[in-house]
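The values are calculated or read from the model by the stated rules, or taken from the named source; none is laboratory data. For clarity, every value in this text was computed on a predicted model and none was experimentally measured. Note that we place each Cβ from the backbone using ideal geometry, even for glycine, and neighbour counts take in every protein chain shown. To get the accessible areas, we keep the full protein, side chains included, count just its heavy atoms, and leave off ligands, DNA and RNA. Shrake-Rupley method; radii C 1.70, N 1.55, O 1.52, S 1.80 Å.
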Amino acid sequence: MTTVTPPTAADLAQTPGADPERPSSYYQPGEHHAPQNEIHRLRQQVAASWNKELRVLREFGLTESSDVLEVGSGPGYITERLLQEVPQGTLTCLELNEDLIEHARGHLTPARPDQLRLVQGSVLDSGLPDDSFDLVHARLVLQHVPGTPDVLAEAHRMLRPGGRLAVIDVDDALWGLLHPQPDLPEFDEVVRLRIELQAGRGGNRLIGRELGGLMRDAGFTDIKVEAVAISSEEVGMDVLAPQLDIRSRTHAMVSVNPAAERPCEIVADAMDEFVARPDASMMLVFFMFSGTKPGGDAR
Ligand SMILES: C[S@@+](CC[C@H](N)C(=O)[O-])C[C@H]1O[C@@H](n2cnc3c(N)ncnc32)[C@H](O)[C@@H]1O
C-alpha cells in the first residue's frame with residue numbers, strides 16, 4: 001500500500017501540463033494514443049465490480065422505477081447494467097466526450113425508446129432541468145472534473161427533493177494491494193506521477209478522503225460510505241490486469257513530464273511479470289458515497 005499525501009498548492013503550481021481551461025482531466029477525443037485499451041480497461045472494471053456496486057446502489061435507493069442520471073457515462077458499460085435495473089424508470093447519460101457517447105450508442109439496447117437518453121455535455125453546464133432525477137450516479141468521474149463543489153451543487157439542483165446522489169471514486173493512498181508486492185521504488189514514483197498528471201489537468205486522484213465532507217458542504221444529508229474491494233481471486237487476474245496497464249498511460253505522463261519515461265518503463269515491465277506469476281494476487285478498492293437532497297421523499 002502506498003502512503004500518499006496530497007500535493008500542496010506549491011507542488012501543483014509546478015505541475016507540467018497544467019491548463020486551467022480543461023473541462024476534465026480525462027482524455028479528450030483524439031488525445032489518447034490507445035483509446036481501445038482504455039475502453040477495454042473500463043469494460044473489464046465494470047465486469048469485476050458491478051455485482052458489489054449494484055448491492056450498494058440498491059441500498060442507496062436505486063429501484064426498478066428510478067429516474068437515474070448517470071454523469072460521465074463514458075463507453076456505457078455501467079449504463080448497460082443500469083438499464084437492466086430500471087425497467088419502469090429512465091436513464092439519462094451525461095457525457096463530455098462525444099466519441100464515448102457514440103461508442104455507447106453503438107452497443108446499448110434500451111427496452112423502450114423512452115428508457116434511455118444520451119446527452120453530450122459537461123456536468124458543469126448541462127442545461128438539464130431542476131428537480132428531475134431520483135438518483136444521480138457518478139462513477140470515477142469526480143476525480144476528473146475541476147471544481148468538485150460545483151459538480152455536487154449541480155447534482156443537488158437536478159435531484160428531486162428526497163433523491164440521492166451516489167458517487168464512486170478512488171483515493172490513490174488506498175488504491176489497492178499487490179501480492180507479492182514488487183520491491184520497486186519506481187512503483188511509488190509512478191503512483192505519484194499519475195496523481196500529479198491528473199492534478200495538473202484539474203483532477204484529483206486523492207478525492208476519496210474529501211468526498212464525504214464535500215457532500216455535506218453541498219447540502220446533502222444522511223451521508224453513507226461503503227468500500228468495495230475486488231480481488232483477482234474472485235474475478236480472475238485476466239479481468240483485473242488491465243487496471244495495471246501502465247503503458248497506455250505512459251504516453252500522457254511522458255508528454256507532460258519526460259522524466260516519467262524511465263520509471264514508467266520499469267514499472268510496466270514489472271507489472272507484466274507480476275500478472276504472469278501463478279502466485280500473484282491483486283486487490284482494488286473503490287469508495288461509494290451517497291447523500292440525500294433533503295425536503296422530500298423521492299426514491
Ligand atoms: C474514468 S471514465 C468513467 C466512465 C464510467 N463512469 C465508468 O465507470 O465506466 C470518466 C468519464 O467521465 C467523463 N467526464 C469527465 N469530465 C466530465 C464532465 N465535466 N462532464 C461530463 N462527463 C465528464 C469522461 O469523459 C469519462 O467518460
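List of remarks:
- If the condition is being assigned to a strand (DSSP E or B) and hydrophobic (A, V, I, L, M, F, W, C), then the range 81-97 contributes Leu91, Cys93, Leu94.
- Comparison of Leu100, Leu118, Leu96, Leu83 shows that the only residue that is open to solvent by 10 Å² or more (accessible area, probe 1.4 Å), near the ligand (Cβ under 9 Å from one of its atoms), at pLDDT 95 or above and of a type in the set (A, V, I, L, M, F, W, C) is Leu96.
- Those residues of the range 19-40 which are surrounded by fewer than 18 Cβ atoms within 10 Å (Cβ to Cβ), in a helix (DSSP H, G or I) and touching a Ser or Thr at 6+ places or on another chain (Cβ under 8 Å), in sequence order: Asn37
- Filter pass, Asp125 being of a type outside the set (A, V, I, L, M, F, W, C), open to solvent by 20 Å² or more (accessible area, probe 1.4 Å), within 13 Å of the ligand (Cβ to nearest atom) and farther than 19 Å from Met158 by Cα: no
- Filtered by the rule that a residue be open to solvent by less than 10 Å² (accessible area, probe 1.4 Å), over 27 Å from Met282 (Cβ atoms) and aliphatic (A, V, I, L, M), the range 49-68 gives a lone residue, Val68.
Quick grid of which residues meet (1) under 30 Å from Gly295 (Cα atoms); (2) open to solvent by 40 Å² or more (accessible area, probe 1.4 Å); (3) outside any strand (DSSP E or B):
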| residue | (1), (2), (3) |
| --- | --- |
| Ala155 | yes, no, yes |
| Pro161 | yes, yes, no |
| Arg164 | yes, no, no |
| Leu177 | no, yes, no |
| Arg209 | yes, yes, yes |
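- Members of the range 233-267 that are small (Gly, Ala, Ser) and closer than 15 Å to Arg192 by Cα: Ala252, Ala259, Ala260
- Qualifying residue in the range 255-263 (condition: surrounded by 15 or more Cβ atoms within 10 Å (Cβ to Cβ), at pLDDT 95 or above and over 20 Å from Ala173 (Cβ atoms)): no
- Among the residues making up the range 268-285, those that are open to solvent by less than 10 Å² (accessible area, probe 1.4 Å) and either out of contact with any Leu (no Cβ under 8 Å at 6 or more places or on another chain) or under 20 Å from Asp171 (Cα atoms) (or both) are Ala268, Met282.
- Which listed residue, of Ala166, Ala199, is in contact with a strand residue (DSSP E or B) (Cβ under 6 Å, 6 or more places away or on another chain) and aliphatic (A, V, I, L, M): Ala166
- When we screen Val46, Val71 for residues that are out of contact with any Leu (no Cβ under 8 Å at 6 or more places or on another chain), closer than 20 Å to Pro110 by Cβ, open to solvent by less than 40 Å² (accessible area, probe 1.4 Å) and modelled with pLDDT of 95 or more, the only hit is Val46.
- Every pair of residues 6+ apart whose Cβ atoms lie under 8 Å, when the first sits in the range 65-80 and is closer than 13 Å to Arg139 by Cα and assigned to a helix (DSSP H, G or I) while the second is within 10 Å of the ligand (Cβ to nearest atom) and of a type in the set (Gly, Ala, Ser): Thr79/Ser73; Thr79/Ala104
- Qualifying residue in the range 130-139 (condition: at pLDDT below 95, open to solvent by 30 Å² or more (accessible area, probe 1.4 Å) and among the acidic types (Asp, Glu)): no
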